[in-house]
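Input: a single structure, listed below in structure tokens.
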Amino acid sequence: MKQIAIASGKGGVGKTSLAAAFASFAKAIFADCDVDASNLPIIFKPEIKEKYDFYGMDLANVDDAKCIKCMECYNACRFDAITEEIKIIEEKCEGCGVCEHVCPVDAIEMVQRKSGEVYISKSRFGWIVHAELKAGEETSGKLVSVVRQKAMEVAKENGYETIIIDSSAGIGCPVIASITGVSIVVIVVEPTMAAIHDMKRIMDVANHFKIPYVVCINKYDLNEEKALEIEKFCNENGTEIIGKIPYNNAFTHAIVNGKSVVEYDEKLASLMKEIWENVERKIEKD
Ligand code: SF4
Ligand code: SF4
């Protein structure tokens, strides 16, 4: 199975637009792993076919009938998630289980907490697996793994050999969960100081996990000097630049209209095709 992750150091640099553009050319299952800011469904307009509950961290639950108000749990909770009345503050509970452990009368048990939903959907581009995390939940790394697992199952069931992942942004746990084990990471970068810094941080993560990567420069003409800096850095480090995309507000207009840029702008469509072919060539070779 070939897996291609589209990643960027932060959101808003064109990662999702690129992933959606590939949808017109690739015979692939899409996995929207940007679970904190899921945008791919805005373009895909998917029809949900299957829905699964996602359980993140456990939650402490007190049996008032058993509780003798000894305050052991209150004193032991490092997250201030238990009130003096021995009520659990759901938003603060990290599910660590310490309170259950210290309770002398077994009045606390850890229960499952629904943190979101995972969807298997059909769209005009084919299958997409996406998810929704409940506001305030912080288990997105685990949810990303569930989305990827489901995408793998859908691919196998339907005879697909490629999965395209719209990765979480940043370099934290959800990103690591998005890119581990993929065939290649396409790092999208804009020619700004901050974006170059972010690109290097993702490269460090990818290098650490020995994941191959290529770079795509978005809006390169907004600062050609910085774009050249990126090219120089990549050349010196043996990183291939698979595409340079000029600034074009068609990207924003396409999203606003619920379309991929390939569907929206013919001229950009041929550039996107070229970039996809570069990715294809790269994964076929490796
Ligand atoms: S599970 Fe951990 S965080 Fe939650 S209430 Fe118990 S001790 Fe506190
Ligand atoms: S440790 Fe158990 S008995 Fe003591 S206050 Fe907490 S829930 Fe009640």
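What follows draws every value from the coordinates through simple rules; no lab data is involved. No experiment lies behind these values; they were computed from the predicted model shown. Heads up, the Cβs are rebuilt from the backbone with ideal geometry, glycines too, and the neighbour counts pull from every protein chain shown.
Only loop residues by DSSP count here, and only those with at most 12 other Cβ atoms within 10 Å; note down the GluC sites (Glu not before Pro) in the stretch 123-167 that meet that.
On the way: sites: 132, 137, 138, 153, 157, 161; in loops: 137, 138, 161.
Sparse-neighbourhood loop GluC sites (Glu not before Pro): 161.
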Residue separation between residue 124 and residue 257 times 0.36 nm, minus their alpha-carbon distance, gives in nm 46.4 nm
Relative contact order for the stretch 57-111: what percent, with Cα pairs under 8 Å and sequence separation of 6 or more? 51
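At 24 angstrom or more along the helix axis (alpha-carbon based) and mean Kyte-Doolittle of -1.0 or higher, what helices does the chain contain? Whole DSSP H runs only. Mind dumping the intermediate values first?
Details: long enough: 140-157 (25 Å, -0.14); 266-285 (29 Å, -0.92).
Helices meeting the span and hydropathy rule in the chain are 140-157, 266-285.
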Long pairs among 150/259; 49/259; 10/219; 15/267, criterion Cα-Cα beyond 23 Å: 150/259
Whole angstrom only: what separates the Cα centroid of the stretch 178-252 from the Cα centroid of the stretch 46-96? 41
Remind me, relative contact order of the stretch 116-226 in percent, using alpha carbon pairs under 8 angstrom and six or more residues apart? 20
Rounded to the nearest 20 Debye, what is the dipole magnitude of the chain about its Cα centre when Lys and Arg each give +1 and Asp and Glu each give -1 at the C-beta? 820
Once the piece of chain linking residue 102 and residue 235 is laid out straight, how much longer is it, given 0.36 nm per residue of separation minus the C-alpha distance between them? 42.1 nm
Given charges at Cβ of Lys, Arg, Asp, Glu: the stretch 57-111 dipole, positive-most of 86, 70, 111: 70
Within the set 51/92; 87/142; 27/122; 27/282, which residue pairs have Cα atoms separated by over 21 Å? 51/92; 87/142
Along the Cα→Cβ direction, 7 angstrom out, place labels at residue 67 and residue 200. What is the inter-label distance in nm? 5.2
Calculated from DSSP H runs of 4 or more alone, at -39500 (n - 2.57) each and per residue, what is the 222 nm mean residue ellipticity of the chain, nearest 500? -11000 deg cm²/dmol
Average Cα contact separation per residue, the chain, under 8 Å, 6 or more apart, as relative contact order %: 26
